[in-house]
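Derivation of every value follows stated rules applied to the coordinates shown; laboratory data play no part. Bear in mind the structure is a predicted one, so any value in this text is a computation, not a measurement. Don't worry about glycine lacking a Cβ; one is built from the backbone with ideal geometry, like all the others, and counts go over all protein chains shown.
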Amino acid sequence: MDNEFEYGFVLPASGRKIVLRASRGMFSPAGPDRGTLAMLSYADFIPEIKVLDLGCGNGIVGFCALEAGALVTMCDADQSAVDAAKFNLAANFDAAAAGRARILLSDGFDAVADNCFDLILSNPPYHTDFAVAKRFIEGAFSHLSTGGRLLMVTKRLDWYRNKITSMFGGVKVRESDGYFVFIAEKRQNKPYKVLQKAKKIQDRKEGTKDARVRR
């Protein structure tokens, strides 16, 4: 890769140091982003769970999950990020570990066929409008298994808290190093806002029925 950056990173699951490369123009190419590190501090990776690193960059989040024994999918819309992640996977993991990982070129969830992840992690772009974040949150709900969790980190609070709550029915927010880490669990198959709308319609129907009976 041209215009490369290279830095060392210690994988939390094992204490093993790996060397990661990234190219100029990628997000945070010279070292781990503080928001990503904040999100990782709340991630609980265990063997065999299915993990999606959404917007993987050079692969740092996915590699933390992989080192812990998880089955990992990493995806990014940027070809240079996908190339960097693939290079870093081959350079830092043996064939057995690499066999538990796949890296996809995907605009959000477009190329992600699985819909039964146990954990989805994302550090979405938050310096623009909320279009990408909206797609990521709604897509995460659809691609999680029941009981699965979304971890997302940003520097903005209100919109993310409201949007995640509208999908998941609730969200825990943790503040770390100037970032907000959102943790939400999928507890139902339909988005919370859809269930609430259906409940309101049913309540209105029952109210109308009761009023007719009283007449």
_From Cα pairs below 8 angstrom and at least 6 apart in sequence, can you work out the relative contact order of the chain, rounded to a whole percent?_
15
_Other-chain or far-sequence residues with amide H under 5 Å of residue 70's (modelled H)_ = 48
*Could you calculate the contour length gain from residue 128 to residue 158, that is, 0.36 nm times the residue separation minus the distance between their Cα atoms, to one decimal place in nm?*
9.3 nm
*Once the dipole of the chain is set up with Lys and Arg at +1 and Asp and Glu at -1 on Cβ about the Cα centre, which of 97, 145, 113 lies farthest towards its positive end?*
145
*Cα Rg, Dmax (largest Cα-Cα span) when computed across the chain, Å*: 19.7, 79
